[in-house]
Structure formats: C-alpha cells, structure tokens
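Student: First, the structure itself, so that you have it in front of you.
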Amino acid sequence: MKKKTTSLIILFFLFVVMVASFFWQTPFDYLEQLIKDNSILSVFSFIFLMIISEVVAPVTVLPLVPVAALFFGPFYTAIYSVIGWVIGAAISFWISRRFGKPIIDKFVSEKDALKYKKYIPDDIDFWWLVFLRMVIPVDVLSYLIGLFTNMNFSKFILATTIGIIPFSFIFSYGYQIFFLENIFAVVLTGVFLISLLSLVFYFHKKGRI
C-alpha cells in the first residue's frame with residue numbers, strides 16, 4: 001500500500017512537471033520574479049525550478065543561479081541549488097529504475113543518452129559517479145545511472161551530493177571568485193580543482209580516462 005501511494009505521488013509530480021515544461025516560458029518568467037521577491041515562496045520556487053531542470057533534461061535554469069545569488073546571497077543559493085538538484089536527481093533515478101526506457105524517452109533526448117552512455121559502465125563505482133557529477137550536466141546522468149547500472153539508491157544519492165556541492169557553490173559565488181573578493185569561495189574553487197585533477201589522475205591510472 002505504501003509503495004503504491006509513493007508511486008501515485010511521483011506520477012502526480014511528473015504530470016505537474018510535464019505541464020509546466022509544456023508552458024515553460026510563462027512560469028519561468030513568473031518564478032524569476034518570485035525569486036526577486038526574496039520570500040519563503042521565492043525559496044520554494046527556486047528549489048522547484050532546480051528540481052524541474054533535473055527531471056526535464058532539456059530545461060536549464062543555470063542562468064537563473066547568479067540572479068538568485070544577488071537576492072538570496074551566494075551561500076544560500078548554493079544550498080538551495082544542492083537541495084533542488086539532489087531531489088530532482090532522486091526523482092529521475094527513481095523514474096528510470098521504476099519505469100525504464102519508454103518513459104525516459106519523454107524526458108531525455110536519444111542524442112544525449114547515446115552521448116553519455118559510453119561513460120557509464122554497468123558496475124559503476126562510487127568515485128567514478130562523483131567524478132561524472134563534477135564534469136557532466138546533472139540532468140541526463142541520473143536517468144542513465146538508474147537505467148543502465150546496478151548502483152543502489154543510497155550510494156547514488158551520496159555520490160550525487162558530493163559531486164554537485166562544489167559546482168553549486170562555485171557557480172553561486174562565480175562573481176566573487178572571478179574578482180577574488182571572497183577567500184572562502186576562492187579556496188573552495190582550489191579544493192575543487194585539486195580534487196578533480198586527483199580523480200582524473202586516479203582514473204587515468206585505472207585506464208578509465
């Protein structure tokens with residue numbers, strides 16, 4: 001009974017997402033205005049946008065992140081981005097694991113799926129997913145991991161969160177990083193680059209890269 005209820009809730013959410021994406025430009029403009037209001041509703045609107053951008057792969061809200069940072073502040077914008085993207089990734093993973101390729105075709109283009117599938121082995125390991133999260137757009141990857149690998153949900157969520165956090169903070173603090181105005185953001189960027197290079201070296205040694 002609990003499993004059936006969860007499925008109905010997710011399916012209802014998918015219906016809302018599909019309707020929103022069909023009439024995308026109007027709600028996008030409206031929600032952008034809500035973000036500028038800097039209220040509780042604007043926070044939930046922004047997080048909802050992040051979720052939609054993850055579930056509906058052609059939709060991107062990255063240009064909205066720097067705008068949100070001006071009103072929420074870069075730190076909270078990064079936190080809200082992580083929350084939205086991780087929830088969206090979890091939904092995308094569940095959709096692909098539960099319904100398979102027929103429904104994925106409604107959210108992900110075949111061209112994108114073929115482009116990234118070669119980087120995703122059936123027995124994908126934890127740190128390889130962390131690495132992929134750092135270098136591949138978050139939208140397509142979640143569907144492909146759910147469909148083509150045997151990774152369990154908890155490892156997927158943890159690896160996704162680790163991989164998304166640096167990108168979210170760097171993108172939110174982009175202006176301050178570029179002009180060296182925030183030592184925390186600059187250090188975080190350095191740590192991210194070192195971690196990324198370390199993973200590149202590690203997987204190069206293993207023959208993955």
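FYI, it's all coordinate maths here, none of it is from the lab. Everything numeric in this text was worked out from a predicted model, so none of it was measured. Note: ideal-geometry Cβ built from the backbone for every residue, glycine included; neighbour counts use all protein chains shown.
Student: Can you sort MET134, MET151 from fewest to most other Cβ atoms within 10 Å of each residue's own Cβ?
Tutor: Ranked by crowding around the Cβ, least crowded first: MET134, MET151.
Student: At 7 Å along Cα-to-Cβ for each site, give me the label-to-label distance between ILE40 and PHE203 in nm.
Tutor: 4.2
Student: Mind giving me the FRET efficiency for ILE194 and VAL67? R0 is 25 Å, r the Cβ-Cβ distance, nearest 0.05 is fine. Walk me through the numbers on the way to the answer.
Tutor: Numbers: r = 29 Å, r/R0 = 1.18.
Computed FRET efficiency for ILE194 and VAL67: 0.25.
Student: Can you pull out the trypsin sites (Lys or Arg not before Pro) in region 173-209 that DSSP calls coil and that have at most 13 other Cβ atoms within 10 Å? Please list the in-between numbers first.
Tutor: Working: sites: LYS205, LYS206, ARG208; in loops: LYS206, ARG208.
Counting only loop positions with at most 13 other Cβ atoms within 10 Å, the trypsin sites (Lys or Arg not before Pro) in region 173-209 are LYS206.
Student: Still on this model: With the Cα gyration tensor of region 129-205 in hand, give its eigenvalues times 5 under a square root as the equivalent ellipsoid semi-axes, listed largest first in whole angstrom.
Tutor: The equivalent ellipsoid of region 129-205 has semi-axes of 26, 15, 10 Å.
Student: Let me ask something additional. Calculate the FRET efficiency for LYS101 and TYR175 from the Cβ-Cβ distance with a Förster distance of 30 Å, rounded to the nearest 0.05.
Tutor: 0.15
Student: Just list whichever of LYS155/LYS206; LYS118/LYS155; LYS111/LYS206; LYS118/LYS206; LYS117/LYS206 have alpha carbons separated by over 23 Å in the model shown.
Tutor: Where the Cα-Cα span goes over 23 Å, the pairs concerned are LYS111/LYS206.
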